[in-house]
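These notes are about the structure you will find just below.
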Amino acid sequence: MTTTTDDLISQLTRNLPPVTRLGHPLKRLLKWFMVALPLSLLLGALVDQQHLSMARKSVQDLRFFVDFGIIFTTALTAGYATLSSAQPGRSQYIWLLPVLPFLIWLSLIGESCIQLIDQIGSTQFSLIPHWSCYSSVIATGFVPALLMVVMLKRSAVLRLSHTILLGTLATSALGAIGLHLYHPSDVTAVLLLWQFITMVMLLGLARLISNYMSNRRV
Amino acid sequence: MNKEEKWSEWMTLAQGGDEAVYQQLLISVLPRVRAIVRRRVKDPDHAEDVVQEVLLSVHKSRHTYDPNLKFGPWLHIIAERRTIDYLRKVYRLAEREVLVDEYPETFLANGTNTVEDEILVFEDLGRLKVAMEHLPLGQREAVKLLKLNMLSLKEASKVSGMTVASLKISMHRALKALRAEMTMHNKHEGDKI
């Protein structure tokens, strides 16, 4: 052993404070859900007040529950995968967990698009959302993204790209629950893009400011 | 109790603040960490730097260890990711850095004309040796290896133990100092005549 490594070990072990163990990803996922979901729904309702009547109609539709179930499952599985990916020693294939629900979610969106084109015609159909959609996307998506970054604060983010992508999916899906309830048109693409930018920005900012929010340099 | 179980138990105690057990753990995992790092980093000096980075990471993320999980994979992923981070940094630096024996001068001003400078500095070897005495050790070593022994930067780096970057800086500073010294000396000689 070289002297410097010896010295380092002595320094690291001197005055060793006890640490609070990081909770199980499932426990932390539940905490995230319990805080982020109500806040996202509340902010979404405030921004989309004029469409609240739509929410009442939606909950009488069976298709709404199918979509809701898949989005909810995507949020759960992606959230669990995000938190697991930031804890060393857990399965490295955990990212596969949300793949199936996400694919089903995408296929449901595709099917909705086809139905809409049938109804209004391809000339009227546009993938570009109305500017008012952005405020709804931000209202429902920002809190879940911010809280996810705070949840990752105590973790050990060793594979940043993995964690960002999974976190993007988890926060997008959670935000999509509110959007699905209140917002008239599907804005999933904008939501995914917005959440990706938010996660990258927040984690980047956290790294720039200090190690406070993200323990990337573990 | 096998090694893995022992490490797991030691880490659990270390999470509670047991200094002696933690020291025992870090010393005990060192060969495993070195083996993981040296699989990718062949240079022993650099490998030891990475090993220390890994130990720091283990220390900072010790709260993330769950006693219900095996200790080996927890340690392995930290060591591997830190090694990959290090290699990425090395490759990024290598992409940006170009090894040159001399800095190309790109300005027209006389003060930057190194060919004339070098003639001025190296034409009188006797005087150069006297002037070199006034240089700091690192700069003197750089001039001796690069200009008098005509070694390349890589060779000089191996001989001296200095990095290529510090050799370049030392050489640049030495030339500047020698130029000033030689110019002053020539001026005095001219005044005498």
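The values are calculated or read from the model by the stated rules, or taken from the named source; none is laboratory data. For clarity, every value in this text was computed on a predicted model and none was experimentally measured. Methodologically, a virtual Cβ is constructed for each residue, glycine included, from the backbone with ideal geometry; neighbour enumeration extends over all protein chains shown. Please note that ligands, DNA and RNA were not included when accessible areas were found on the heavy atoms of the full protein model with its side chains. Shrake-Rupley method; radii C 1.70, N 1.55, O 1.52, S 1.80 Å.
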Legend entry - Test result for B:Val54, modelled with pLDDT of 60 or more and more than 14 Å from chain A (Cβ to nearest Cβ): no
Inset, instruction - Kindly list, by first and then second residue, each pair from a residue in segment A:80-99 that is of a type in the set (Phe, Trp, Tyr) to a residue that is open to solvent by 70 Å² or more (accessible area, probe 1.4 Å), limited to pairs with Cβ atoms under 8 Å and residues at least 6 apart or on different chains. - result: A:Tyr80/A:Leu26; A:Tyr80/A:Leu97; A:Trp95/A:Leu165
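Quick grid of which residues meet (1) at pLDDT 90 or above; (2) within 14 Å of chain B (Cβ to nearest Cβ); (3) open to solvent by 40 Å² or more (accessible area, probe 1.4 Å):
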{"position": "A:Ile9", "(1), (2), (3)": "yes, yes, no"}
{"position": "A:Thr13", "(1), (2), (3)": "yes, yes, no"}
{"position": "A:Val35", "(1), (2), (3)": "yes, no, yes"}
{"position": "A:Pro38", "(1), (2), (3)": "yes, no, yes"}
{"position": "A:Asp48", "(1), (2), (3)": "no, no, no"}
{"position": "A:Ile104", "(1), (2), (3)": "yes, no, yes"}
Inset, instruction - Take B:Tyr65 and decide whether it is at pLDDT 90 or above, open to solvent by less than 80 Å² (accessible area, probe 1.4 Å), of a type in the set (Phe, Trp, Tyr) and over 21 Å from A:His24 (Cβ atoms). - result: no
Inset, instruction - Could you grab me the full set of residues in segment B:26-47 that are farther than 15 Å from B:Leu87 by Cβ and open to solvent by less than 70 Å² (accessible area, probe 1.4 Å)? - result: B:Leu26, B:Ser28, B:Val29, B:Leu30, B:Val33, B:Arg34, B:Ala35
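Residue-wise test of (1) open to solvent by 40 Å² or more (accessible area, probe 1.4 Å); (2) touching a residue at least 12 places away in the same chain (Cβ under 8 Å).
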| position | (1), (2) |
| --- | --- |
| B:Leu151 | yes, no |
| B:Lys154 | yes, yes |
| B:Val159 | yes, yes |
| B:Met171 | no, yes |
Legend entry - Checking B:His59 against (1) facing chain A (nearest Cβ under 8 Å); (2) surrounded by fewer than 15 Cβ atoms within 10 Å (Cβ to Cβ), the condition it does not meet: (2)
Inset, instruction - Being within 16 Å of the chain's Cα centre (by Cα) and either within 12 Å of chain B (Cβ to nearest Cβ) or at positive phi (or both) is the filter; apply it to segment A:80-93 and report the residue that is surrounded by the most Cβ atoms within 10 Å (Cβ to Cβ). - result: A:Ala86
Inset, instruction - Kindly state which helices (runs of 4 or more DSSP H) lie completely within segment A:117-218 and contain at least 3 residues that are within 14 Å of chain B (Cβ to nearest Cβ) and at pLDDT 70 or above. - result: A:160-182
Inset, instruction - Output the number of residues of segment A:15-33 satisfying the condition of being in contact with a helix residue (DSSP H, G or I) (Cβ under 8 Å, 6 or more places away or on another chain) and open to solvent by 70 Å² or more (accessible area, probe 1.4 Å). - result: 6
